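To start, the structure under review is shown below, and the notes come after it.
The values are calculated or read from the model by the stated rules, or taken from the named source; none is laboratory data. All of these numbers come straight from a predicted model, not from anything done at the bench. When we count neighbours, we look across all protein chains shown, and the Cβ atoms used for this are built from the backbone with ideal geometry, even at glycine. These area figures cover heavy atoms from the full protein model, side chains too; ligands, DNA and RNA do not enter into them. Shrake-Rupley method; radii C 1.70, N 1.55, O 1.52, S 1.80 Å.
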Amino acid sequence: VKANMPAVRITGYDADSEVRARAIALGICDDVTDTPGAAVIDADLVILCVPVGAMGGVAEEFAADLPAGAVVSDVGSCKQSVADALTAVLPGAIIIPAHPVAGTEKSGPDAGFATLFKGRWCILTPADNAPEASVEALRTFWQRLGAEIEVMDARHHDMVLAITSHLPHLIAYTIVGTADDLQGVTQSEVIKYSAGGFRDFTRIAASDPVMWRDVFLSNKDAVLEMLQRFSEDLSALQRAIRYDKGDQLEALFTRTRNIRRSIVEQGQDDDAPDFGRKH
Ligand SMILES: NC(=O)C1=CN([C@@H]2O[C@H](COP(=O)(O)OP(=O)(O)OC[C@H]3O[C@@H](n4cnc5c(N)ncnc54)[C@H](O)[C@@H]3O)[C@@H](O)[C@H]2O)C=CC1
Ligand SMILES: O=C(O)C(=O)Cc1ccc(O)cc1
């Protein structure tokens, strides 16, 4: 925001006083406050950037100080639970949940950078009664940060992101944990012989534990649905290996290679191991 909209005044609040001090030192906030209420008191737009399980509690803390007409949004990785939590504690407020599908495995104020949202999707999930002018204002805000905008229903968002982002993280956490638990294989061997695929998993598996705990608990239904389908497909592969069905394995691997090729041909990937790319 500082880089793209220098006239916008940014007031920050974080429960951690060290984070508040760092935000000032980095120049990413003009001011920080000691309470959430003081941060929102003259706001046009409030953006909640806390783990998804903490959104409702933070909103409750500033509810009494929120100016009429302010737009309340967020950047959480799942949307229906956030919409429900905010609606419950901010009756009558203009709530437009959002998810910039961009990030890294790093967190904290030092992990941000001005081009993070450039060319990435930002998904808005306004309720049906959200004022059109406010949705358009939030669309313009994210466009000014370089993002491309999609508007969709919160439940649909949660289903799509469950397969494209949440399940890949769950798989990464699992495989790195499984490798670490192996008897008879030392940790140094895992590190020494980790080929590209495993290294990519370790990057994803280094993502913030609290953030991802909250994503899985908050998007439980969609994640469990996708996990069920994934487990069935994995079992089918397991059977194909057990019964030497090489043709089945080859057919699947050919299909998936073609999917990857079509993504690269369309210029929608630069080979970076990053689930946050647009498309
Ligand atoms: N890291 C990523 O790549 C992406 C994260 N998101 C979403 O963005 C949100 C924030 O994630 P990050 O910025 O990565 O995390 P972060 O760890 O950098 O920042 C979260 C901050 O929230 C503060 N906090 C926690 N509970 C609080 C409370 N009750 N009151 C006040 N402050 C509190 C923490 O002290 C921390 O500084 C999450 O909802 C996450 O799902 C969305 C897209 C990408
Ligand atoms: O680091 C990666 O590869 C990511 O996938 C980052 C990311 C994490 C959470 C999101 O909701 C969106 C993007």
Handout entry: Neighbours by Cβ (under 8 Å, 6+ apart or cross-chain): first from the stretch 202-213, in contact (Cβ under 8 Å) with a residue 60 or more places away in the chain; second more than 8 Å from ligand 1 (Cβ to nearest atom) and not in a helix (DSSP H, G or I)
Key = R203/P273; I204/F275
Problem - Cβ-Cβ under 8 Å pairs, at least 6 apart or on other chains, the stretch 36-64 side under 22 Å from P100 (Cα atoms), far side exposed (fewer than 15 other Cβ atoms within 10 Å of the Cβ) and among the β-branched types (V, I, T) - result: P51/V210
Exercise for the section: Would you check if there is a residue in the stretch 128-151 being farther than 21 Å from V8 by Cβ, in the same structural domain as A102 (by TED's automatic domain parsing) and modelled with pLDDT under 95? Expected result: yes
Practice task
From A137, A130, grab the single residue that is in a helix (DSSP H, G or I) and surrounded by 14 or more Cβ atoms within 10 Å (Cβ to Cβ).
Solution key: A137
Practice task
Kindly indicate whether G76 is away from ligand 2 (no atom under 16 Å from the Cβ) and either on the phi < 0 side of the Ramachandran plot or touching a strand residue (DSSP E or B) at 6+ places or on another chain (Cβ under 9 Å) (or both).
Solution key: no
Completion exercise
Pairing a residue in the stretch 90-111 that is more than 26 Å from E60 (Cβ to Cβ) with any residue that is in a strand (DSSP E or B), where Cβ atoms lie under 6 Å and the two sit 6 or more apart in sequence or on different chains, gives V101/W121
Practice task
Could you list all residues from the stretch 58-74 that are within 14 Å of ligand 1 (Cβ to nearest atom) and open to solvent by 40 Å² or more (accessible area, probe 1.4 Å)?
Solution key: E60, E61
Practice task
For residues that are in contact (Cβ under 8 Å) with a residue 40 or more places away in the chain and more than 30 Å from G108 (Cβ to Cβ), tally how many sit in the stretch 222-242.
Solution key: 2
Exercise for the section: Examine the stretch 127-140 for a residue that is within 16 Å of ligand 1 (Cβ to nearest atom) and closer than 28 Å to P209 by Cα, and state whether such a residue exists. Expected result: no
Problem - Filter result for the condition that a residue is open to solvent by 30 Å² or more (accessible area, probe 1.4 Å) and within 11 Å of ligand 1 (Cβ to nearest atom), over A54, A88, A38 - result: A54
